[in-house]
Amino acid sequence: MPRLGELHPARSTQGNIRVRMPKARPRARRSRYSVSHRLTRSVPAMIGAAALVVILVAASLTYKRIDDFFTATTGHHINPLAEVVQAVEPSPGTIAYKLQHGQRVNILMLGMGGYENDAPFLTDSIMAVTIDPNSHRVMLASIPRDLVVHMNVQSNPNSIWTNKINAAYEVPYTSIICCVASQYQGRDGGGHAAEHEVSKITGLNFDRYIAVDFKAFRDMVNALGGVDVCLTSNLDDYTYPNYGHGYIALHFRAGCQHLNGEQALEVARSRHAVQAEQSSDFGRSRRQQDIMYAIKKKATTVNGFAKAPQLLDALQKNIHTDMSLSDMKAIYDWGKNLPDSSIIRVALTAPSSTGGGNLLDSYDCGMGSGVSQLCPDDPSFFMIHKFFAAAVFIDPKTLAEKAPVQFVNGATNFPGLDARVTTMLDPTGLQLADPVTYRPSADTLILDYSGGKFPLTTKWLHDWFGATVVNATPTSPAPVAGQQNYGLVVVLGHNFALHWLGE
């Protein structure tokens, strides 16, 4: 365990030691933490949302057509009597029951390349969706595909397979490993394997999964006759992957334009535009949000309703889920009027040249030194579990205090911890200022400059950080450069840095 004043050594599974020295990054304005990390819906999330709209629209179609669709996507025929019973009196544990009784619902959404890709079952987009009926909010959490996990999905529970999380879904459909456990075999085996491994990372227990491929997205947009999307600047990407093993150049002009399915997919997936505002996480997420809105707008028009049969055809062969019709209807009914302000967008990230990270880092944690990989700062995932369990859905009464909060770093064993914590908590709705470096502190403290004006926020910070509350004045303790002397200031001490690192 490092002593106060030492740098924490990052670990690899081979036992190699390296010193983590985060690159010094200049202070940025408040928007650095609020813009690039409030990730919006990914491509698979857009497909899933639109799919729910389409399925409900399809209620006007013949029973056989709807049954054909559900047989193809879920592997089961519709049981009309059972669906009626579930609609009237949902069984305990079902999604409809949980939503009616104030219990959270967790859905795992997966996006994969499909058969047009040379690795059709790798889920390059992974999103955990949590519905909280008590606070009427939804969390969309992006899980990076390069996050390394030590998986146990084989019949021998002691067998550990180290790979990136995006490989979990493909386990039953390829020969990548042998002896896959029975619960991860069959039609839904990939979804259940992915649920199991993402649950280990997040601590969330998933009720259902939905997996879609990019062909579904493209065909759905085409079935709608295309969508209208507006770009804030040109988008020029010279390294967009084609359907072989090469690249093509993309060129989209600034302004509003009508996109077909392939063009909408290109705009949504592009990662390497030469324009900085388009290549950033925020630029990509903004484009995806605009496309999703365009799809929802088009699908719910009179013209969109008329195209329900074509939409079902587009989705039928390219979506897999263990959701029932009752599940989908319950989610749709609960969230159809949910305002965008009720959606909390978070992402697990590592520091990079384009922005600060939060709970992950980049080093060799099992895949070899030459492989791009992301690793949890806390190998036990405890800090990630704690974040999803107690930090995402902060009580609205606490947020209503609008307490000015600033994180300052007194942990000399973890430079940049203040920026990590600020990035992590920014999407939650807390009123956060830019972080700064503080004097060395062994303990984590809450400097209350408000005279007790923000009791709920103070209590939440005390509980989450295990911090001691200290009554402060504008001059005592003496503030450091850049530190606020009002509201609440959380001094991150050496002890919290050790908790962050799982020590």
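The values are calculated or read from the model by the stated rules, or taken from the named source; none is laboratory data. No experiment lies behind these values; they were computed from the predicted model shown. Positions of Cβ are backbone-derived with ideal geometry, glycine not excepted, and every protein chain shown enters the neighbour counts. The accessibility values were calculated without ligands, DNA or RNA, using every heavy atom of the protein model including side chains. Shrake-Rupley method; radii C 1.70, N 1.55, O 1.52, S 1.80 Å.
Structural remarks
- Dipole check for segment 113-267: with +1 at the C-beta of Lys and Arg, -1 at the C-beta of Asp and Glu, and the Cα centre as origin, the magnitude is about 300 Debye.
- For segment 136-156 versus segment 172-218, the spacing of their alpha-carbon centroids is 10 Å.
- Positive end of the dipole of segment 369-503 (Cβ unit charges, origin at the Cα centre): among Asn485, Val408, Thr468, the Cα lying farthest that way belongs to Asn485.
- Taking amide hydrogens as placed 1.01 Å from N in the peptide plane, the amide H of Gly487 sits under 5 Å from those of Tyr449, Ser450, each at least 5 positions away in sequence or on another chain.
- Gyration tensor (alpha-carbon) shape descriptor, segment 383-463, a/c threshold 1.5: oblate
- With K and R counted +1 and D and E -1, the other residues having a Cβ less than 11 Å from that of His320 yield a net charge of -1.
- For segment 356-362, 3J(HN,Hα) per residue [Karplus equation, 6.51 cos²θ - 1.76 cosθ + 1.60, θ = phi - 60°, Hz, x = Gly/Pro]: x, x, 10, 9, 10, 8, 10
- Using a probe radius of 1.4 angstrom, the carbon and sulfur fraction of the accessible surface of segment 346-463 is 58%.
- Rg/Rh ratio calculated on Cα atoms of segment 425-503 (Kirkwood radius): 0.94
- Exceeding the 21 Å Cα-Cα cut-off - candidates Lys386/Lys453; Lys402/Lys459; Lys98/Lys297; Lys215/Lys329; Lys297/Lys329: Lys386/Lys453; Lys98/Lys297; Lys215/Lys329
- Take the convex hull of the alpha carbons in segment 86-230; its mean projected area over all directions comes to 11.6 nm².
- Stretching His462 away from His77 to a fully extended chain increases their span by 133.4 nm, per 0.36 nm per residue minus the current alpha-carbon distance.
- Distance between modelled label sites at Asp395 and Val371, nm, 7 Å Cα→Cβ extension: 4.5
- For Val180, the amide hydrogen comes within under 5 Å of the amide hydrogens of Ser155, counting only partners 5 or more places away or on other chains and with H modelled in the peptide plane.
- A simple charge model with +1 on the Cβ of Lys and Arg, -1 on the Cβ of Asp and Glu and nothing else charged puts the dipole of segment 390-486 at about 100 debye relative to its Cα centre.
- Karplus-derived 3J(HN,Hα) values for segment 309-325, using 6.51 cos²θ - 1.76 cosθ + 1.60 with θ = phi - 60°, are x, 5, 5, 5, 4, 5, 8, 4, 8, 10, 9, 10, 7, 9, 6, 8, 4 Hz; glycine and proline are entered as x.
- Over all other residues within a Cβ to Cβ distance under 15 Å of Val180, the charged ones net out to -3, with Lys and Arg as +1 and Asp and Glu as -1.
- Note that segment 253-266 has calculated 3J(HN,Hα) couplings of 7, 5, x, 8, 8, 9, 10, 7, x, 5, 5, 5, 5, 5 Hz, one per residue in order, obtained from phi through the Karplus relation 6.51 cos²θ - 1.76 cosθ + 1.60 (θ = phi - 60°); glycine and proline are x.
- A cut-off of 5 Å between modelled amide H atoms, ignoring neighbours fewer than 5 places along the same chain, links Val469 with Ile446.
- Where trypsin sites (Lys or Arg not before Pro) fall in DSSP loop in segment 187-253, at most 14 other Cβ within 10 Å: Arg187, Arg253
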